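Input: a single structure, listed below in structure tokens.
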Amino acid sequence: MGVPAFFRWLANRYPCVMLDLLEGKERGEFDRSTNASLVKETSGDFARWVQVDNLFIDCNGVVHPCCHPENGAPQPRNEREMLDNVGKYLDRLVAAVRPTKLVYLALDGCAPRAKMNQQRERRFCSAREAEESARAMGELLKRQGHKPSSKQRWDHNAITPGTPFMDSLATYCRTWASKAVAKQPSLRVIISDASTPGEGEHKIMDHIRRCGGEDERHAVCGQDADLMFLSLALHAPRVYVLRERVNTGRGKTTGPPRLQYLSAQRLRHCLVRDPGINGLCTTQLDPRNKLSRFERDDERLLDDFVLLCFFVGNDFLPQLPCLSIPDGGLDLLLALYSRALPRSLGGYLTDDGGERGYPCGAGRVHVKRVAALLAVIADLEPEILRRRARRDAQSSSKKHGERSDAKKDALVEMAARACGKFDALSLEDDDLREPTQQEAASTKHLAERAVQKHAEKLLKESDLNDPCIGQKGFRERYYRKVLKHGPTKREGVTDRESAIRDLSVEYWRGVRFVAEYYHRGCASWSWCYPWHYAPLARDLARVALEPGEGLRKCCTRFERGAPLPPLQQLMCVLPPASAHCCPRAAQRLMTDQHSPLAKYYPRDFPLDPNGKPANLRWLWVALVPPIDVQVVASTFASQIQPTLTPDEWRRNRNGPAELVCAIPPNAGTN
């Protein structure tokens, strides 16, 4: 997922980094004879060839739109059609890019414990929203005299490592790879499926760091903003991020979205030459000032840019309350950085003087320098929060949507009540008929309105959302909520202030974890940030800058740990509504109210809007109880493992990636 709204911010600020990829007939008469990509500027007609050696595909970004398309394309009827959609999309990517050496297919494997919290919240929310949508749809169909669909919705949570669907997908990818190699014998295909631990994009980067040649060109396919940061962190200019064009206008597009390259080389040049980021571009340093006597290093500046972007969103830590891209949080951070770097920081944010055993920089965070920037943000924090509250109040008071229709509005109101488990209308089946295709589409649109209306009701009734954000007493009210829904019995915590320091220290450890994860790989499979909320900028800066043990605690080392087996991770991240993806014995433990694990699998849970409007419900905080991995592991070993089938035993093993390549004609002969 990465950073919300980051791609839009980047494309608006540096439009020159995007290149349109030409496909099919657009490639012209040289299509068959040329093994290269054909690209053109987004704002021009001049086209040129780009030779790509290796194509890396983050397959989870391919699988989701192929299994449940959201662009108006017909929904696949079964898993066979889903897999066929995946194969067609892979064919499209290879035909557009024309890699000459390697295709690397990376499926998400078991993630670090730090990512599992977010995965768990997403999947619980997905199941809840699917249930609300089904209730609204059923209510609307019945009230219009139509029969509710008897077809069960395909569970999107099946796209999780360890499920039977992911096993089928890995088998399909091997078949696809064999056909691709047979068609182009010079090509090698590596498949890193869900049994290989690690997120897909990070497995890709690890392979490039270990095996990529200095002169090779790489195309990395995926929709997440993570790939842009990872491509910068590689410090290899010959990287293109391949993604579908995001429609930033209001008009609807028809057909599949156009493919685009984001050129890492152009992005690097834009960043280091942007005076709004690199204060050393235009500033003449005073040689008499000791704080400004450090050598300009553009590679460190790129690392600093990646680090600062983590503060406006990442998959491992909650966002700071006062920093978000739509509110100008990233622009503010970068503006402060550009002014502070040549004058007062004394060095780059990722240059810690070369701690023993680590190279200088390379993802090592200088906590005190970053805290100095956040101290300035802390002074602005109350005003930022107040302005956001005023803006949201104004936007919510405006009327949006379509022309009012009393009959439809009444239907939507009833369906919205059904989302909240209001009893649906009961009619005899004889009185109902199957809806036409047009009636079903119209009803689906009304159901979406009903779910949105239900979200507005949740926002209005929430006792967690602070209506006086940024005003007097906000800090006390904020931390009362944070600590109430956080871990208890933490070592060294005796009162509220010590709990806030503990929270801030662990957040700094998280910043260091994320930076190292993006530059060198996973520092710890077992560490996680155990709160639902981030500290305020004021407290985050204070714990690192004030005298005492705070800074030392922020810089403590991580324990390496090991990834969980796939079936155990499944139990850690899936809600009870998706228990059917787990072994039979696990299903009972996840759904039975008297199970020893019942408290980890609530059917209902609080949602905190946390200052976000109803139309951004996906950014609300889901207060799902954290999973105790040790309890799940011991329960799995005693009650589930003895009952596993041979197929489930196989799916519960972590393994290496697989290589598929052509066999020479004379192989095996003397």
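The values are calculated or read from the model by the stated rules, or taken from the named source; none is laboratory data. Predicted, not measured: the structure shown is a model, and the values here were computed from it. All Cβ positions, even for glycine, are placed from backbone atoms using ideal geometry, and neighbour counts span all protein chains on display. All accessible areas refer to the heavy atoms of the entire protein, side chains included, with ligands and DNA or RNA removed. Shrake-Rupley method; radii C 1.70, N 1.55, O 1.52, S 1.80 Å.
Of everything in segment 48-71, what is in a loop (DSSP other than H, G, I, E, B) and touching a residue at least 40 places away in the same chain (Cβ under 8 Å)? Give them in sequence order.
Gln51, Val52, Asp53, Cys59, His68, Asn71
Of the residues Ala134, Ala106, Ala127, Ala182, which single one is surrounded by fewer than 24 Cβ atoms within 10 Å (Cβ to Cβ), under 28 Å from Gly198 (Cα atoms) and in contact (Cβ under 8 Å) with a residue 12 or more places away in the chain?
Being surrounded by fewer than 24 Cβ atoms within 10 Å (Cβ to Cβ), under 28 Å from Gly198 (Cα atoms) and in contact (Cβ under 8 Å) with a residue 12 or more places away in the chain holds for just one of Ala134, Ala106, Ala127, Ala182, which is Ala127.
Has segment 588-604 got any residue that is among the aromatic types (Phe, Trp, Tyr) and touching a residue at least 60 places away in the same chain (Cβ under 8 Å)?
no
Could you list all residues from segment 585-604 that are under 20 Å from Leu567 (Cβ atoms) and among the acidic types (Asp, Glu)?
Passing the criteria: only Asp592.
Does Glu216 satisfy being assigned to a helix (DSSP H, G or I), touching a residue at least 24 places away in the same chain (Cβ under 8 Å) and either of a type in the set (Asp, Glu) or open to solvent by 20 Å² or more (accessible area, probe 1.4 Å) (or both)?
no
To keep it simple, each residue is scored yes or no on (1) of a type in the set (A, V, I, L, M); (2) modelled with pLDDT of 90 or more; (3) open to solvent by less than 50 Å² (accessible area, probe 1.4 Å); (4) part of a helix (DSSP H, G or I).
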{"site": "Asp274", "(1), (2), (3), (4)": "no, yes, yes, no"}
{"site": "Leu334", "(1), (2), (3), (4)": "yes, yes, yes, yes"}
{"site": "Leu341", "(1), (2), (3), (4)": "yes, no, yes, yes"}
{"site": "Tyr358", "(1), (2), (3), (4)": "no, no, no, no"}
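Residues of segment 449-469 being under 28 Å from the mean Cα position of the chain (by Cα) and not charged (D, E, K, R), which ones?
Scanning segment 449-469 gives Ala450, Val451, Gln452, His454, Ala455, Leu458, Leu459, Ser462, Leu464, Asn465, Ile469.
Under 6 Å by Cβ, and 6 or more places apart or on different chains, what pairs join a residue from segment 471-489 that is farther than 17 Å from Ala622 by Cβ with one that is not hydrophobic (A, V, I, L, M, F, W, C)?
Filtered contacts from segment 471-489: Arg477/Asp466.
Go through segment 185-213 and count every residue that is part of a loop (DSSP other than H, G, I, E, B) and surrounded by fewer than 18 Cβ atoms within 10 Å (Cβ to Cβ).
3
In segment 125-145, how many residues are among the hydrophobic types (A, V, I, L, M, F, W, C), modelled with pLDDT of 90 or more and in contact with a Ser or Thr (Cβ under 9 Å, 6 or more places away or on another chain)?
The qualifying residues number 1.
Among the residues of segment 157-170, which ones are closer than 15 Å to Arg80 by Cα and open to solvent by less than 60 Å² (accessible area, probe 1.4 Å)?
Across segment 157-170, the qualifying residues are Ala158, Ile159, Phe165, Met166, Asp167, Ser168, Leu169, Ala170.
In the set Asp20, Asp45, which member is open to solvent by less than 10 Å² (accessible area, probe 1.4 Å), farther than 26 Å from Ser192 by Cβ, out of contact with any helix residue (DSSP H, G or I) (no Cβ under 8 Å at 6 or more places or on another chain) and not in a helix (DSSP H, G or I)?
Asp20 is the lone residue from the list that is open to solvent by less than 10 Å² (accessible area, probe 1.4 Å), farther than 26 Å from Ser192 by Cβ, out of contact with any helix residue (DSSP H, G or I) (no Cβ under 8 Å at 6 or more places or on another chain) and not in a helix (DSSP H, G or I).
So Cys173 clears everything in (1) open to solvent by less than 10 Å² (accessible area, probe 1.4 Å); (2) outside any helix (DSSP H, G or I) except one condition, right? Which one?
Of (1) open to solvent by less than 10 Å² (accessible area, probe 1.4 Å); (2) outside any helix (DSSP H, G or I), only one is false for Cys173: (2).
Test Lys489 against the stated conditions and say whether it is at positive phi and open to solvent by 20 Å² or more (accessible area, probe 1.4 Å).
The answer is yes for Lys489.
Report, by residue number, each residue of segment 367-389 that is open to solvent by 40 Å² or more (accessible area, probe 1.4 Å), more than 8 Å from Ala541 (Cα to Cα) and of a type in the set (A, V, I, L, M).
Result: Val376, Leu380.
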